[in-house]
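Engineer: Below: one structure in structure tokens.
The values are calculated or read from the model by the stated rules, or taken from the named source; none is laboratory data. Because the structure is predicted, anything quoted here is derived from the model rather than measured. Here Cβ is always computed from backbone atoms with ideal geometry, including for glycine, and neighbour counts include all displayed protein chains. Calculation scope for accessible area: heavy atoms of the full protein, side chains included, ligands and nucleic acids excluded. Shrake-Rupley method; radii C 1.70, N 1.55, O 1.52, S 1.80 Å.
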Amino acid sequence: MALRVAPAAKRIAARGLSNFMQSRGMATEKQIFNQIQSTKNIQKITSSMKMVSAAKLKGDEQRLATAIPFNSWTTALCGEPTLVEDATFEELPQKTLIVPFTTDKGLCGGVNSFITRGVKDCVSKLKAQGKECDIVIIGDKGRGQLRRLHADLITRSATEVISPGTFALAAALTSEIMAAGGAKDYDAIMIVYSSYVNAAVYKQRYKLIKPFSGEGEDEPMMMHEFEPDTKSEVLGDLYEYMLTSQVYHSFMDGAAAEQSSRMAAMENASKNAGEMIDKLTLQYNRARQARITTELIEIISGASALED
């Protein structure tokens, strides 16, 4: 009788160990298998998004190549764009309108975080210098990040911006900027955007656009003659057109940087999903081997009991 109890005890112990592992929260074989399948589906999605971003990036690169010469004339009036990193912002006037360009969609790496971080740094440095600023945000992601800390400075926001951008879209965005104050209430408009370098690199830059105002020696364009309209009206129209051109270039530059960042983010996500699949597969094989070992113990124990 004692010999028959021993194999039965082994079977009970094996089943008890299996139940104990499940009760302690350890993943079962079926749960691990489901995790593997879910991760494989995610990997397929991220790989597809990477290919879509790569295709969109080619179109954005072509549009950016067209926008660069189109906007080159503004350099003589506004100067070259400046890197946001390590900038002191001392050249900014007393009252500035900051216009950061962010995206409406996520899953694009840190392209939005870098812009909002630069804007936060600019606001803190301007306050330390005793200067004033307000913010007009382009893009839903930037609005969500900046309103947590600087909600009182946000005067307007433009979201659900249609992509790919056109000059007509840039003109509409410029109208929103002008409606927020533009050259009337502010000494300068500062556009903060992501500048595309290549498929792996993008940098944050800002453009400072000052209105054509001044008297005496500070009067703008004294070497030019204006006919038949008055000089003030022509300069007002020229300023608005220059701002639209700068917005158009910044939007094209930011769109290319967004797609390159999303392509890199989806590539990293696919790589991480592959590594997770390998780890889960190893864990699944161990759980399967443990189950097989338990079943063999039960079979051998039952056969020993029958022999006895």
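Engineer: In the list 39, 75, which residue meets the criterion of being open to solvent by 40 Å² or more (accessible area, probe 1.4 Å) and not hydrophobic (A, V, I, L, M, F, W, C)? It would help to see each step written out before you state the result.
Structural biologist: On the way: 39 fails: open to solvent by 40 Å² or more (accessible area, probe 1.4 Å).
Sole residue among the options that is open to solvent by 40 Å² or more (accessible area, probe 1.4 Å) and not hydrophobic (A, V, I, L, M, F, W, C): 75.
Engineer: Exactly one of these conditions fails for residue 215: (1) exposed (fewer than 12 other Cβ atoms within 10 Å of the Cβ); (2) at pLDDT 85 or above. Give me its number.
Structural biologist: (2)
Engineer: Still on this structure: Restricting to region 152-171, name every residue that is among the small types (Gly, Ala, Ser), more than 13 Å from residue 135 (Cα to Cα) and under 23 Å from the mean Cα position of the chain (by Cα).
Structural biologist: In the first step, residues of region 152-171 are kept if they are among the small types (Gly, Ala, Ser); the result is 157-158, 163, 165, 168, 170-171.
If we keep only those that are more than 13 Å from residue 135 (Cα to Cα) as well, we get 163, 165, 168, 170-171.
Once the filter is applied, which keeps residues that are among the small types (Gly, Ala, Ser), more than 13 Å from residue 135 (Cα to Cα) and under 23 Å from the mean Cα position of the chain (by Cα), region 152-171 yields 163, 165, 170.
Engineer: Pairs under 7 Å by beta carbon, first residue closer than 17 Å to residue 269 by Cβ and assigned to a helix (DSSP H, G or I) in region 95-117, partner modelled with pLDDT of 90 or more and of a type in the set (A, V, I, L, M), six or more apart or different chains?
Structural biologist: Qualifying pairs under 7 Å: 111/257.
Engineer: When you go through (1) open to solvent by 80 Å² or more (accessible area, probe 1.4 Å); (2) under 22 Å from the mean Cα position of the chain (by Cα) one by one for residue 52, which number turns out not to apply?
Structural biologist: (1)
Engineer: Residue under question is residue 190, and the condition is that it be part of a loop (DSSP other than H, G, I, E, B), of a type in the set (A, V, I, L, M, F, W, C) and either open to solvent by 70 Å² or more (accessible area, probe 1.4 Å) or closer than 28 Å to residue 260 by Cα (or both); does it hold? Please lay out each step first, then the result.
Structural biologist: Details: part of a loop (DSSP other than H, G, I, E, B): no; of a type in the set (A, V, I, L, M, F, W, C): yes; either open to solvent by 70 Å² or more (accessible area, probe 1.4 Å) or closer than 28 Å to residue 260 by Cα (or both): yes.
When the stated conditions are applied, residue 190 does not pass them.
Engineer: Right, next: Please state which of the following conditions residue 143 fails to meet, knowing it meets all the rest: (1) of a type in the set (D, E, K, R); (2) in contact with a Pro (Cβ under 9 Å, 6 or more places away or on another chain); (3) in contact (Cβ under 8 Å) with a residue 40 or more places away in the chain.
Structural biologist: With (1) of a type in the set (D, E, K, R); (2) in contact with a Pro (Cβ under 9 Å, 6 or more places away or on another chain); (3) in contact (Cβ under 8 Å) with a residue 40 or more places away in the chain applied to residue 143, the lone miss is (2).
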